[in-house]
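Encoded as structure tokens, the structure appears first; notes follow it.
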Amino acid sequence: MNNIDDAIIGVIGLGYVGLPLAVEFAKKYKVIGFDINESRVSDLNDGHDTTLEVDYLSLSEVLFSKNIAVGLTATSDPNKLVQCNIYVVTVPTPVEKHNRPDLRPLYKASETVGRVLKRDDIVIYESTVYPGVTEEECVPVLENTSGLVFNKDFFVGYSPERINPGDKEHTVAKILKITSGSTPEAAQLVDQLYKSVISAGTHLAPSIKVAEAAKVIENSQRDINIAFVNELSKIFNLMNIDTQAVLEAAGTKWNFLKFRPGLVGGHCIGVDPYYLAQKAQEVGYHPEIILSGRRLNDSMGPYVADQVVKLMLKKSISIRNADILLMGFTFKENCPDVRNTRVIDIFKELNSYKANIVVFDPWTDKEAVLHEYGIEISNQLPELKFDALILAVAHEEFGQIDVKTLLKKISVIYDVKGFLPADIVDGRL
């Protein structure tokens with residue numbers, strides 16, 4: 001392919017990353033969006049995005065475009081990808097139960113592309129990986145499946161996703177995009193393609209490995225900074241000092257980094273550092289800061305539960321059979337995403353004490369939570385009295401709760417997010 005004006009783009013994976021990107025591309029190009037989840041495709045074709053990243057009007061505009069040269073077609077039939085000459089892979093890259101990178105979705109997506117890959121096609125990966133995965137892991141799958149030769153018959157690029165679920169301000173077109181390619185010519189085409197739809201512009205990296213490394217350290221850096229303030233929270237708690245007040249005071253300095261303590265979950269910050277750590281160990285280096293930050297952040301759920309138990313015991317409330325309201329279950333506020341939510345750690349720890357836990361979250365899909373975590377949740381605030389309340393996620397809706405009524409119904413209030421008025425809570429990070 002020599003000209004992006006001739007691009008027909010296949011987007012593999014229509015989740016939090018793939019769908020917004022597909023919609024943006026579809027405003028200027030013909031796009032085939034592929035996902036193995038048939039119900040997801042059916043919802044999209046009805047104009048409904050369960051991730052809430054794309055609204056009905058934006059989705060309908062590209063799905064039902066009257067211009068046959070542009071627009072989006074959503075499908076679960078991989079054979080329809082054969083008409084494409086550029087493929088963008090946006091599948092998730094999770095970790096398995098031992099926190100080792102799980103590249104199986106990436107392998108399967110590469111096989112899907114490989115079956116329809118043609119001469120001069122370009123395959124661009126957006127999934128977060130450690131340096132080397134695109135060329136050392138994905139390219140061999142493309143070659144073996146297609147029978148084509150890398151950098152002779154087809155080319156690859158890497159442009160790491162920078163989607164922030166639930167963020168309606170920093171949308172895909174408004175976030176500067178890193179681009180790269182397997183040859184100088186491929187890199188230019190990849191850069192031009194993204195530059196044509198990303199209003200914030202692009203940064204062309206000198207190699208695919210540089211682009212991969214840049215992505216994985218972005219979230220590792222945030223993870224380490226949050227781990228630092230989480231550790232401060234534990235220290236200041238032992239000293240009976242309000243961590244939030246300390247951070248507010250320190251934040252008056254112009255170059256102080258304003259991170260807050262909390263639970264670190266989701267598909268990025270809670271996962272990406274393990275990818276970097278894995279590659280570091282493969283090349284003979286044991287990363288200390290990265291892994292210690294991960295261990296500390298992963299300890300925060302049990303820590304919160306422990307703090308709540310102590311507060312309850314101080315008020316002579318037995319934890320066994322206690323009624324506890326857990327407010328919020330998503331990995332962050334104002335979005336329905338429950339992937340790798342660390343609120344589950346609080347739930348499990350309290351559940352081990354045989355407490356009765358009610359989970360309330362107005363944003364989540366109850367069936368998805370039941371399927372993924374085996375927990376029944378409520379989308380409505382229960383009209384009950386509780387021994388303790390833990391506010392774990394700062395959804396906007398929680399700001400509308402009548403604080404005076406809350407105080408009458410709850411004996412112990414713990415605020416993970418520093419969201420509630422400080423004078424009504426018994427404890428907070």
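Quick notes on this one:
- Of the strands (runs of 3 or more DSSP E) entirely within the range 6-103, those holding at least 2 residues that are more than 22 Å from Pro165 (Cβ to Cβ) and either open to solvent by less than 40 Å² (accessible area, probe 1.4 Å) or in contact with a Lys or Arg (Cβ under 8 Å, 6 or more places away or on another chain) (or both) occupy 8-12, 71-75, 86-89.
- Of all the listed residues (Val141, Val113, Val156), the sole one being part of a strand (DSSP E or B), buried (at least 18 other Cβ atoms within 10 Å of the Cβ) and at pLDDT 95 or above is Val156.
- If you go through the range 290-323 and keep only what is farther than 21 Å from Val425 by Cβ and either of a type in the set (A, V, I, L, M, F, W, C) or open to solvent by less than 10 Å² (accessible area, probe 1.4 Å) (or both), you end up with Ile290, Leu291, Gly293, Arg294, Leu296, Asn297.
- Of all residues in the range 262-293 being in a loop (DSSP other than H, G, I, E, B) and hydrophobic (A, V, I, L, M, F, W, C), the one that is farthest from Ile346 (Cα to Cα): Val283
- Taken over the range 324-354, residues that are open to solvent by 10 Å² or more (accessible area, probe 1.4 Å) and either closer than 23 Å to Val91 by Cα or part of a loop (DSSP other than H, G, I, E, B) (or both) amount to 12.
- Given (1) of a type outside the set (Ser, Thr, Tyr); (2) more than 21 Å from the chain's Cα centre (by Cα); (3) part of a loop (DSSP other than H, G, I, E, B); (4) surrounded by 20 or more Cβ atoms within 10 Å (Cβ to Cβ), number of the condition Leu389 does not satisfy: (3)
- Residue count, the range 355-378 (criterion: open to solvent by 50 Å² or more (accessible area, probe 1.4 Å) and more than 19 Å from Val416 (Cβ to Cβ)): 9
- Residues that are closer than 24 Å to Asn37 by Cα and either assigned to a loop (DSSP other than H, G, I, E, B) or more than 18 Å from the chain's Cα centre (by Cα) (or both) within the range 359-376 comprise Trp363, Thr364, Asp365, Lys366, Glu367, Leu370, His371, Gly374, Ile375, Glu376, listed in sequence order.
- Any chance Tyr87 is touching a Gly at 6+ places or on another chain (Cβ under 8 Å), modelled with pLDDT of 95 or more and of a type in the set (Phe, Trp, Tyr): yes
- Among (1) within 24 Å of Met300 (Cα to Cα); (2) modelled with pLDDT under 90 - the single one Thr405 does not satisfy: (1)
The values are calculated or read from the model by the stated rules, or taken from the named source; none is laboratory data. The shown structure was predicted, so the numbers you read here are calculated from the model rather than taken from an experiment. Heads up, the Cβs are rebuilt from the backbone with ideal geometry, glycines too, and the neighbour counts pull from every protein chain shown. Note: accessible area is taken over every heavy atom of the protein model, side chains too, but ligands, DNA and RNA are not part of it. Shrake-Rupley method; radii C 1.70, N 1.55, O 1.52, S 1.80 Å.
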